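What follows is a single structure, written as structure tokens, with notes after it.
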Amino acid sequence: KPCPLCDEAKEVLEPYKKRFILQEVDITLPENSAWCDKYRYDIPVFHLNGKFLMKHQVDIQKFEDQLTKLELQND
């Protein structure tokens, strides 16, 4: 279904797309019911490297900080 909040978040993250892989999860699908139960009223939700990072909107400073931290760990 259309998700304007998700679309807005993807636009904000667009300049960073070469630095991470965005995996979208459709929480309306039956196989994603656990995500739906957990985050039904909090979309969009972002995890980075399997850990919760933020919800509702992109906190670009937090995202940049955590992404840079991961990149430095992997160098």
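The values are calculated or read from the model by the stated rules, or taken from the named source; none is laboratory data. This structure is a prediction, so every number in the text was calculated from the model and none was measured. Positions of Cβ are generated from backbone atoms using ideal geometry, with glycine treated the same way; all protein chains shown enter the neighbour counts. The area values use the complete protein model at the heavy-atom level, side chains included, leaving out ligands, DNA and RNA. Shrake-Rupley method; radii C 1.70, N 1.55, O 1.52, S 1.80 Å.
Annotations for the structure displayed:
- Scope the stretch 1-18; condition open to solvent by 100 Å² or more (accessible area, probe 1.4 Å) and either under 23 Å from Gln66 (Cα atoms) or at pLDDT 95 or above (or both); matching residues: Glu8, Glu11, Pro15, Lys17, Lys18
- Only one of the numbered conditions (1) in contact with a strand residue (DSSP E or B) (Cβ under 6 Å, 6 or more places away or on another chain); (2) surrounded by 14 or more Cβ atoms within 10 Å (Cβ to Cβ); (3) closer than 17 Å to Glu8 by Cα is violated by Asp42, and that is (2).
- Residues satisfying the stated conditions in the stretch 45-75, i.e. among the β-branched types (Val, Ile, Thr) and surrounded by 13 or more Cβ atoms within 10 Å (Cβ to Cβ): Val45, Val58, Ile60
- Subset of the stretch 19-44 (residues that are more than 16 Å from Leu67 (Cα to Cα) and among the aromatic types (Phe, Trp, Tyr)): Trp35, Tyr39, Tyr41
- Going through (1) on the phi > 0 side of the Ramachandran plot; (2) more than 15 Å from the chain's Cα centre (by Cα) one by one, Gly50 falls short only on (2).
- Any chance Glu24 is modelled with pLDDT of 95 or more, surrounded by fewer than 12 Cβ atoms within 10 Å (Cβ to Cβ) and of a type outside the set (A, V, I, L, M): no
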